[in-house]
Amino acid sequence: MRKKPIFCWKCGEVTPHVHVGKESAYEGHGLVRGFMAVASLGMTETAWACNYWQCEACGHIKKQS
C-alpha cells in the first residue's frame, strides 16, 4: 500500500493519501493498449498513467496525472 502526503482541497490541508488505482490512457482498447505499451517502452502504463489517491481523513478521491 503506497501512501504519500498530498494537499486535500476538501480538508484544506496536507493529509496522508493512499494509492487506490491507476488508469492507462489506452484503457479498454485491447490490442492497441499492448502495442502502445511496447512502443513507448512501458511509459503509457507507468509514468503517463493517471493515478487515483484517496484522502485518509475525509475519503475524497483525487486524480493525479
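Can you tell me which residue in the stretch 17-51 is modelled with the highest pLDDT, limited to those that are open to solvent by less than 70 Å² (accessible area, probe 1.4 Å) and of a type in the set (S, T, N, Q)?
Asn51
Any residue in the stretch 54-63 that is surrounded by 11 or more Cβ atoms within 10 Å (Cβ to Cβ) and free of Cβ contacts under 8 Å to residues at least 12 places away in the same chain?
No - not one qualifying residue is present in the stretch 54-63.
The values are calculated or read from the model by the stated rules, or taken from the named source; none is laboratory data. All figures in this text were calculated on a predicted structure; none of them were measured in a lab. Counting neighbours? That spans all protein chains shown, and the Cβs are built from the backbone with ideal geometry, glycine included. All accessible areas refer to the heavy atoms of the entire protein, side chains included, with ligands and DNA or RNA removed. Shrake-Rupley method; radii C 1.70, N 1.55, O 1.52, S 1.80 Å.
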